[in-house]
Amino acid sequence: MMKVLGIETSCDETAAAVVEDGKRLLSNVVASSMDLHVQYGGVVPEIAARSHIEAIIPVIDEALRQAGCSWEEIDGIAVTQGAGLGGSLLIGVLTARTLAIVHKKPLYAINHVEGHLYANFITELGENLKRQNPTYKLPTSQPEFPFLGLIVSGGHTQIAHFRGHFDYELLGRTTDDAVGEAFDKVAKILGLPYPGGPSIAKKAFEGNPDAFQFPKAKMPNKYDFSFSGLKTAVLRAAQQLCGKSHDFPSFELSKLLSEAQKADIAASFQKIAVETVVDKVVLAYEQLRPKSVIIGGGVAASSELRRQLAERLPISIEYTDIKLCTDNGAMIAALGCYKAMLKQAEADPYTLDIAPNLTM
Ligand code: KG4
Ligand code: ZN
């Protein structure tokens, strides 16, 4: 039995969780400072960092309490080293380093983006958690190697081919905005609340996805993504609908657009943004014929993404609970378990540094 405490503070969520043997979720605690960022339409790094300082110790204590385990029973500490906001990462890494020294535990540095995929390895709930929160919808089995992993969130859009644990090739990634970021920016243009993914999905229900023909970027690497052109195309369409020129400020547009126009833009944008992602997954699937396809990141919640993937892939995808798709400590703990079980290198608790620009 291997119990790992995972700590995640890369963005606005302060999160900790305990995972056993890389598959059993014993606890999962997330404190978000999202409420404090909504009025600014996006995460403010200084506010996020300050919120982590306040929340980190109570969140870790609660994760241990919920798991019903003492420090003696913890076999290792896994912490997000990057990618993420520098100030936010620092709080998690410094806390994990301190705890590793004080409690004499091995420390594992985790790549946040790899972590998102490892949420899909969690297939069981511990007895304690089952009693406290039985609402988790987990996959019925773990992903099979080789698998195709797609990470779609507010900060990341990447696709990778995994032959085994710690043996993968990054196929492609976004060259500008992440797909979730594109949803957030388009939502801002349309005057819809942050985060944009869910609010665009809701508005899109009332709209016609074929009302506008937005472009899909053509990339030199066929697996890379780009969303900035799509975002600009949405802006131009909105300006044109309002009879305004290219230099008309985007934040003034939502007052001039009708609800029907907003719905049509939301639906047309959502369709193309999702199609852009699904095109690459289908292409990679046909080329590599993996045994499983797994999705990580907040955009995995998108019903349009799930619909298109189900329609175009010959194998079905098992999605994990949305609580494990968005940022959480469980995915970090799960990957930490595999690092520990497969004897990967430990981090030095006296020197481990953050890596805000860490890539896969
Ligand atoms: O993984 P996550 O919680 O945070 C990051 O690590 O970035 O992902 C948040 C992103 C936001 O950009 C949000 O707009 C997007 O996930 N999102 C969605 C949906 N729900 C959340 N995007 C599209 N459709 C959704 N239903
Ligand atoms: Zn994330």
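Quick note: the coordinates plus some simple rules give every number you see, no bench work behind them. Values in this document were obtained by computation on a predicted structure and should not be read as measured data. A quick note on method: Cβ atoms are made from the backbone with ideal geometry, for glycine too, and the neighbour counts reach across all protein chains shown.
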Query raised in the report: For the chain, modelled as a GNM with alpha-carbon contacts under 10 angstrom, which of Arg312, Arg97, Arg173 fluctuates the most?
Result: Arg312
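With n ≥ 4 as the cut-off for DSSP H runs, can you work out [θ] at 222 nm for the chain, using -39500 (n - 2.57) per run divided by the number of residues, rounded to the nearest 500?
On the way: 13 runs with 153 residues, N = 360.
The per-residue figure over the chain is -13000 deg cm²/dmol.
Can you give the FRET efficiency to the nearest 0.05 for His103 and Ala260, using r as the Cβ-Cβ distance and R₀ = 51 Å?
Values: r = 59 Å, r/R0 = 1.15.
Efficiency, from the Cβ-Cβ distance: 0.30.
From the cross-link list Lys185/Lys291; Lys203/Lys255; Lys130/Lys202, which pairs have alpha carbons spaced over 27 Å apart?
On the way: Lys185/Lys291 35 Å; Lys203/Lys255 16 Å; Lys130/Lys202 31 Å.
Exceeds cut-off: Lys185/Lys291; Lys130/Lys202.
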**Report entry** Local net charge near Glu206, Cβ-Cβ under 15 Å (Lys/Arg +1, Asp/Glu -1)
**Finding:** 0
Query - Neighbour-count order for Thr351, Thr98, fewest beta carbons within 10 angstrom listed first - result: Thr351, Thr98
Report summary line: Neighbours of Leu129 by Cβ distance under 14 Å: Lys/Arg at +1, Asp/Glu at -1, summed charge +3
Report summary line: Kirkwood-based Rg/Rh on the Cα set of region 63-149 evaluates to 1.00
**Report entry** Rg to Rh quotient for the chain, alpha carbon positions, Kirkwood Rh
**Finding:** 0.99
Query raised in the report: Among Leu107, Leu241, Leu150, which comes first, then next, by fewest other beta-carbon atoms within 10 Å?
Result: Leu241, Leu107, Leu150
Requested in this report: Take the chain, connect every pair of alpha-carbon atoms lying under 10 Å apart with a spring to form a Gaussian network, then pick out the residue of Arg131, Arg289, Arg163 with the largest mean-square fluctuation.
Outcome: Arg131
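Could you list His161, His112 in order of exposure, starting from the residue whose Cβ has the fewest other Cβ atoms within 10 Å?
Details: His161 18, His112 27.
Lowest to highest Cβ neighbour count: His161, His112.
All other residues with a Cβ under 12 Å from the Cβ of Ile56 taken together, and with Lys, Arg as +1 and Asp, Glu as -1, what is their net charge? Please report the intermediate quantities before stating the final value.
Numbers: positive: Arg50; negative: Glu8, Glu13, Glu54, Asp61, Glu62.
Within the 12 Å Cβ shell, the charges total -4.
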Report summary line: Most fluctuating of Ser303, Ser88, Ser32 in the GNM of the chain (C-alpha, under 10 Å) is Ser303
**Report entry** Extent along principal axes [Cα atoms of region 1-91; Å; largest to smallest]
**Finding:** 44, 22, 20
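Based on the Cα gyration tensor of region 284-360, what are the three equivalent ellipsoid semi-axes, each the root of five times an eigenvalue, rounded to whole Å and given largest first? Intermediate results must be reported in sequence, preceding the final value.
Values: eigenvalues 186, 51, 31 Å².
They are 30, 16, 12 Å, listed largest first.
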Requested in this report: Taking GluC sites (Glu not before Pro) as candidate sites, keep only those in a DSSP loop with at most 14 other Cβ atoms within 10 Å, then name the longest stretch of the chain containing none of them.
Outcome: 207-360
Report task. Could you work out how far the C-alpha centroid of region 227-299 sits from that of region 54-109, in angstrom? Result -> 37
Query raised in the report: Which distance in nm do the two modelled labels at Glu127 and Leu170 give, with both placed 7 Å along the Cα-to-Cβ direction?
Result: 4.3
Report summary line: For the Ser250, Glu73 Cβ pair and Förster radius 45 Å, calculated FRET efficiency rounded to 0.05 is 0.30
